[in-house]
1. If you fit an axis through the alpha-carbon atoms of helix 75-87 and take the longest principal axis of the Cα set of the chain, what angle between them do you get, 0 to 90°, nearest 10?
2. Summing +1 for each Lys or Arg and -1 for each Asp or Glu, what net charge is found among the other residues whose Cβ lies under 15 Å from the Cβ of residue 51?
3. Running a GNM on the chain with Cα contacts under 10 Å, which residue among 23, 31, 78 ends up with the highest mean-square fluctuation?
4. Just subtract the alpha-carbon distance of residue 30 and residue 110 from 0.36 nm times their residue separation and send over the number in nm, one decimal.
5. Suppose R0 equals 22 Å. What FRET efficiency, 1/(1 + (r/R0)^6) with r the Cβ-Cβ distance, do residue 38 and residue 2 give to the nearest 0.05?
6. Distance check, please: which entries in 48/111; 32/68; 48/108 exceed 31 angstrom between their Cα atoms?
7. Add +1 for every Lys or Arg and -1 for every Asp or Glu among the other residues with Cβ under 12 Å from the Cβ of residue 99, and state the total.
Amino acid sequence: MVNVFDTSAILNNFGPIETEAYITNSVISEIKDFEFRTKLNNAISIGKLKIQDPSEESVKKVKEIKKKNKLKLSETDIEVIALALEKKATLHSDDYNLLHACRILNLKTEKIIR
């Protein structure tokens, strides 16, 4: 099972990672808290969490869905959705608009509970 985490998943439910897991560079840039940044860097350094940005083609597809459905998505949201689309991954988030976009794209999601 492949997983993609958005920022809320990292901030609200960041525990042991037992599967193939990805974040984007934009997720990293949103993590400001020292403790979370340290945990994130540790997970990356031991290979439990991989950093990958999506292709322009996937980003374009998500932006088209955003426009067509009048969704409120940030650039980070667009990137993590696009990466999940590429990886055929489960996307972990608590963001309603992001999860709604995933449903439109038939992506698996895991809602993070705060």
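1. The two axes meet at around 90 degrees.
2. Details: positive: 37, 39, 48, 50, 87; negative: 6, 20, 30, 53, 79, 86.
Local charge sum for residue 51: -1.
3. The residue with the greatest mean-square fluctuation here is 31.
4. Values: separation 80, 0.36 × 80 = 28.80 nm, distance 2.02 nm.
Extra length available between residue 30 and residue 110 comes to 26.8 nm.
5. Details: r = 25 Å, r/R0 = 1.13.
With R0 = 22 Å, the Cβ-Cβ based efficiency is 0.35.
6. Working: 48/111 21 Å; 32/68 33 Å; 48/108 21 Å.
Pairs exceeding 31 Å: 32/68.
7. -2
Here, each number is a calculation from the coordinates, and none is a lab measurement. Fair warning: this is a prediction, and the values are worked out from it, not measured in the lab. Ideal geometry is used to build each Cβ from the backbone, glycine not excepted, and the neighbour counts take in all protein chains shown.
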